[in-house]
Each structure stands twice: as structure tokens, then as C-alpha cells.
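Notes follow once the structure below has been shown.
The values are calculated or read from the model by the stated rules, or taken from the named source; none is laboratory data. From a predicted model like this one, the values you see are computed outputs, not experimental measurements. FYI the Cβ positions are ideal-geometry reconstructions off the backbone, even for glycines, and counts take in every protein chain you see. Just the protein is used for accessible areas: all its heavy atoms, side chains included, with ligands, DNA and RNA removed. Shrake-Rupley method; radii C 1.70, N 1.55, O 1.52, S 1.80 Å.
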Amino acid sequence: MSAAAGYVLFVSIAASMGMGSSAERSRDCHAPATSRETRASPNDNRAPAGIRRRGQLRVRLEAREVAWYPDGLAGCPLHVHAFAEPGKAPSIPGPMIRVRAGEVVHVELHNALSTPIWVRGLHDRATGVIDSVAIASGATGEFDFHATTPGAWYYWAAAPGRGKPNMPVSAEDGQLVGALVIDPAAGASHDRVFVMTRWTPRGVSDNTGYQLNAINGRSWPATERLDYAVNDSVRWHVINASDALHMMHLHGFYFHVDQRGDAAHDSTLIRTIRSNGVTTATRAGEWISISWLADRDGQWLFHCHFVAHMSGAQRVPADPSAAMPVSHASGEGMAGLLLGIRIRSGATRAIHATGPRRRTMHLFANSRPKVYGDRAGYGFVLQTDAVPPARDSIVVPGTPIIVTRGEPVEVVVHNRTSSPFGVHWHGIELESFFDGVAGWSGTARRLAPLIAPNDSFAARFTPPRAGTFIYHVHNEPGEELASGLFGPLIVLDSGARFDSLSERMVVISADGPGVDPATAINGKATPDTIRLVARRTYRFRVIDITSNEAHMVSLQGAKGPLTWRPLARDGADVPSAERLPRAARYNTASGITRDFEFTPTDSGEYVLALDRIVAGSLTGRLTVAPIHVSAP
Ligand SMILES: [Cu+2]
């Protein structure tokens, strides 16, 4: 985004909230002026802390009370605890300690808070155990270690009873965290470091109350803009130093998860590494190291796919103690866990300039009053006849859009609702302008518009790979996503036809608006029966477009989980080595698609079950689709 466009977006947000100019807005903040407070700076984690002396990195840190401005200085502050290097402004996240394997680190940490703190993670990870060191108020602790284990580690501190031994907690100590990156002894490393932190009034990890989520100390649109040139290799460490799950999604490109770890372990200890996708889970306390090739120009986003974590409703309110739940409402604009990426053009490859004639489809965003109690329902309906569908006809999920790899398509989106929005073609490698983020996709000179009520927008793309994707509303003002504005986007290989006898789509979504909705399968909280024939092979295309929820998906018979073969993740075929029969279950959350091949061996009754996951644990809160398998 150009600085000007960001400013317009911000002013329109402030004006719509009745806040007037940003200067007035600051004066409205409830900001108790305590003398001990200093203002925390955002930390972009480019410059490491400390000084190198005689082969040793020496870092001095202090834990202090600070005022934090995650929306930028025109926004309101939160009063939290943070780390500082003496003589410098405190920062959120705290000063980054970054060394190569083999170096020796000495840290002196002074506790200037009025409470004792437990300090965790200021050590090497060779043992896979997190040490806790208590430092009394006013006291200083010393830490000496030999860095040996490469990874995007972090250190954190919390008052007794306010932290967890394996991750920071999103209360007042949730920003008392900093990166501790150990690079390999030699060679290139992932260059940028992004630390995600979180603040909630009660320190809760769920998504039912007010929350503020930040990357490197800032919430969108105050987050950093990342500039690259076409064909740059991008390599990032992304650290989820919070107690909430985040589903990190990259627009327009696939990325590779090169390494993954939690507070104490790297991936060689906890799970297999290297996977390709457009969305990946970073669990509470987890970090990932990712890489991707910026091979198309334009403006893109990297963000958490949970609506609550990209919602404008999480802008810091004037009085944080009276903050309202963020829930599923997108609010005015976007805020929170979003990074803007600008890729400068060069010799960019043409994605859809030539080739066969473009196929045009008309997609209508319809609404109908009183579908969810007093609230409207929404749905995308594809025109299949000579005349457009009725204005109040809604289908949830939206009509599947089925296109062919390599064939240019134009989807004309007609907005018949009363709200402006964009439409994102999730997982499709396309031209930035059509990516669907109004006010951001495209270039500074030609930004994608909001699709106004009664207006339309023609999205053009030529899908380069066959697979299972999603189309869904973006930049919506309210709960339009949870209320039905999404659908499957299937790309078939050239020459292939969609065979409804062997294809089964499973779309997982919220069953309507509200803070804690039930989960629906194919639009119903009490799902329709899936009908199969024994000994026939099916392709299951499982799409997760929930708002803020996570689930375990499983196929089960009377004797427990069935077996299936993974075919694709996020639209990309899995390597043949992974296409092996395995237990039919996996964890999913918003923004993920998976394809599986399933052959029921016997006739009988089975289920496709979703078990809601909250704070990392199965809850037994089920949504169950019956499966009836008849004899061949
Ligand atoms: Cu998130």
C-alpha cells in the first residue's frame, strides 16, 4: 500500500468510529500517566541486541512497565510490561538476541517491575527443556550459554501465576518476549524475523472476548510493508509467541515450511518437516521457518486466516477495560496479524496474457433476511441459466466454480448485498489486482476496488495448477463470511471432467454469525448423509472456511478410524512418497484444503466427524455427517 492509501483507509476507519482526526483520537484514550511509564517502540527485528566482545555476545536487558501503541502513535495505548536495553526505548517484541551456532552469550536481566518474574528460554535448546529462573523485583539475573541448536527460539518472562512454562500468556506479560535466533554456524539463514504477540483483558487464549494481535509490535495497517523485487527468494522466521493458534496464509504464492519448532524443540524432534501450502498452522508457542519465491509483482498479504485475528474490531479501544468481543465481525477495515508485501515488477512472467479464449461466468452475492434468527443469510450463486438467479436465492456453500488448469476464466462478481466487499480466490496464483483485497491488491497506481452494492467486478485469472481451492469474501464489514459468502473453487486438469459420481466435496464452515457458532458441513450443522458405493474409489475435497475455529476431521467406522490416501494439500499435489494409506484423520482450521482418496471396502454406516479443538485440546463438541455405503 502506498502511504497515502494507508492513510485514507485509516482515516475512514477513525471517522466511521466517530473518532474524528487521529489527534483528537489520542486525546480520547484512557491513558493514565504514571511517571514510570515509557513508550515502547515496535521492534522490526532487523538489528540484534548487545555488543560482541572477545568472542562473546553481551546483552543487557531490563523488564519495565510501558505504554504500547500497537495501532501506531495515533492510536490508543495498552499498559503492559516489556523488555528494554538500558539507555534505549523499550521495545515490543523485546530486543532480539541473534547469534550463530558456536557463539557464547552472556545476558544480564534487571527486573524493574514491582513483582518478581520467572524468566524462561534464555538458554540453548540442546536439552529440549525450558529452564525457569526467578528474579525478584529490583534484582538482576545473569545467564550464560553456548549457542548450539539453530532455530527461531524466543525468551519470555511473567509474574508468578501469570505465565506458562511453554509459552507466553496474552495478559499484561504477553509482550515480555523477545526472539532468540540461533543461525547455523555457516551459510545463509532466514533473514527476517516476525514475532506474533497478543493481548487480551483476561489473558484468555480463545476467540470469544476482546483481543489484540500484533506482528513485531504492530497491528495492521501499522505493520511493516515488506519490499521485494520479482524473483527474490523470501525467507522468514515466524514466531507465534502467544497462547493462541494462528493460521498463517500467504496470498498468491505457495510457501515451503523449512523448519518448525516450539519453545523447546525443533522439528527434528517433534514432527516431519518440509511441506508446501498456502496456509499453515502455527500452534500456540510454535515457530516456523518458511521460504517462497516472489515470482510475480504486485501487492500481497501474509496474514492469519482467523477472522478475529484480522478484524478491524481489534483496534485498541479508548478504554481497553471496556473492550467488546471481536468474535467473527470483520469490523471497519482490517487490523491485527497482517503483513503487506510489495513486489516490484521486473521481467515478470505473463500469467494469462495469451492462450485460449477467456470463459466468462457470473457469480451473484445474494442475501435473504432473517436466515439466522433476525440476521440475514448470504450466499454466492453462479448463474447457470439464461437469466440471473433470484436476488434472494442463497446457496451455502456457494455454487462450486469448476474451471480448467491453463484456461483463462473471468468471474464477474455481482454484489447484490447492501455491503461493499472484495472476493479472494484463495490459493490461486494469479495477478495481484484480481486477488481480492480491496484497497491493497494490485499496485499503488491501480488498487483493487471494493465491489459496491449493486456493482460488479470482473476477476480474471488462469489457474496454473489443478486442485481444490476456495473463493470467499474479503474486506467484508460484518459477519458475511460466517453467514455464507464462500464456496469451493475446483481446478481440473486439462482434459478432465468433474465426475460427480466419484467426487465428494466437504466444506467446513461456521453455521452462521455470532461469537460461538456451531460448525456446519456443506452448509448444515446437522449435515446431509454422504452416499457412497462399496469398492468404488472417491476423491474427497475437504475445504475449511470456518471463521475462528479448529477441528479434528476423521472418517470412522464401527471399528474406529478408516484409512485414506492423501492426494493434495492447499491445492498442491502431495509428493508420491506421502501418498500412502494412513488413518483418516487430521487437524484443520480456516484456510486449509486437503484432498484424499477413499475406497470403502464394505457396505454399511460410517461417519465423517468434526471434533472442535479449543486451546489445543479436543472438546467432544461434534459435527457429524453420516456416510451410507451401499453394496456395489
Ligand atoms: Cu490468528
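Quick rundown of the values:
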{"quantity": "Residue that is surrounded by the most Cβ atoms within 10 Å (Cβ to Cβ), among those in the stretch 127-148 that are modelled with pLDDT under 95 and farther than 23 Å from Val238 by Cβ", "calculated": "Asp131"}
{"quantity": "Residue among Val193, Val181, Val129 that is within 19 Å of the chain's Cα centre (by Cα) and more than 29 Å from Ser321 (Cβ to Cβ)", "calculated": "Val193"}
{"quantity": "Tabulated pairs, the stretch 368-382, first closer than 20 Å to His474 by Cβ, second assigned to a strand (DSSP E or B) and open to solvent by 30 Å² or more (accessible area, probe 1.4 Å), C-beta under 7 angstrom, 6+ apart or interchain", "calculated": "Ala376/Ser367; Ala376/Arg368; Ala376/Pro369; Gly377/Ser367; Gly377/Arg368; Gly377/Val371; Tyr378/Ser367"}
{"quantity": "Flag if Ala244 is more than 28 Å from Asp435 (Cα to Cα) and assigned to a loop (DSSP other than H, G, I, E, B)", "calculated": "no"}
{"quantity": "Breaking point among (1) away from the ligand (no atom under 14 Å from the Cβ); (2) at pLDDT 95 or above, for Leu269", "calculated": "(2)"}
{"quantity": "Trp287 more than 13 Å from the ligand (Cβ to nearest atom), of a type in the set (Phe, Trp, Tyr), modelled with pLDDT of 90 or more and open to solvent by 10 Å² or more (accessible area, probe 1.4 Å)", "calculated": "no"}
{"quantity": "Residue that is nearest to the ligand (Cβ to nearest atom), among those in the stretch 290-306 that are among the hydrophobic types (A, V, I, L, M, F, W, C) and open to solvent by 10 Å² or more (accessible area, probe 1.4 Å)", "calculated": "Trp292"}
{"quantity": "Some residue of the stretch 196-216 being assigned to a loop (DSSP other than H, G, I, E, B), at pLDDT 95 or above and either touching a strand residue (DSSP E or B) at 6+ places or on another chain (Cβ under 7 Å) or within 14 Å of the ligand (Cβ to nearest atom) (or both)", "calculated": "yes"}
{"quantity": "Some residue of the stretch 481-489 being within 18 Å of the chain's Cα centre (by Cα) and at pLDDT below 95", "calculated": "yes"}
{"quantity": "Test set (1) assigned to a strand (DSSP E or B); (2) closer than 15 Å to Ile92 by Cα - Val234 fails condition number", "calculated": "(2)"}
{"quantity": "Residue within the stretch 163-182 that is assigned to a loop (DSSP other than H, G, I, E, B) and farther than 18 Å from Ala241 by Cβ present", "calculated": "no"}
{"quantity": "Residue match in the stretch 445-460 (condition: touching a Leu at 6+ places or on another chain (Cβ under 7 Å) and surrounded by fewer than 24 Cβ atoms within 10 Å (Cβ to Cβ))", "calculated": "no"}
{"quantity": "Selected residue (criterion: nearest to the ligand (Cβ to nearest atom)) from residues of the stretch 244-258 that are touching a residue at least 60 places away in the same chain (Cβ under 8 Å) and open to solvent by 10 Å² or more (accessible area, probe 1.4 Å)", "calculated": "Leu245"}
{"quantity": "Residue match in the stretch 42-62 (condition: outside any helix (DSSP H, G or I), under 30 Å from Trp440 (Cβ atoms), in contact with a Phe, Trp or Tyr (Cβ under 8 Å, 6 or more places away or on another chain) and modelled with pLDDT of 90 or more)", "calculated": "yes"}
{"quantity": "So Ala67, is it touching a Ser or Thr at 6+ places or on another chain (Cβ under 7 Å), farther than 19 Å from Ala241 by Cβ and among the hydrophobic types (A, V, I, L, M, F, W, C)", "calculated": "no"}
{"quantity": "Of residues in the stretch 445-466 being aliphatic (A, V, I, L, M) and part of a strand (DSSP E or B), the one farthest from Arg594 (Cα to Cα)", "calculated": "Leu447"}
{"quantity": "Matching residues in the stretch 230-243 - criterion: being touching a Leu at 6+ places or on another chain (Cβ under 8 Å) and either hydrophobic (A, V, I, L, M, F, W, C) or within 16 Å of the ligand (Cβ to nearest atom) (or both)", "calculated": "Val234"}
{"quantity": "Matching residues, the stretch 395-419, being open to solvent by less than 50 Å² (accessible area, probe 1.4 Å) and either at pLDDT below 95 or among the small types (Gly, Ala, Ser) (or both)", "calculated": "Gly398, Gly406, Ser419"}
{"quantity": "Among the candidates Gly163, Gly151, Gly174, Gly187, residue that is crowded, with 21+ Cβ neighbours inside 10 Å and modelled with pLDDT under 90", "calculated": "Gly163"}
{"quantity": "Filter result for Met196 (of a type outside the set (Val, Ile, Thr) and in contact with a His (Cβ under 7 Å, 6 or more places away or on another chain))", "calculated": "yes"}
{"quantity": "The stretch 485-501 - residue that is closer than 21 Å to Val396 by Cα and in contact (Cβ under 8 Å) with a residue 60 or more places away in the chain and, of those, most open to solvent (accessible area, probe 1.4 Å)", "calculated": "Phe498"}
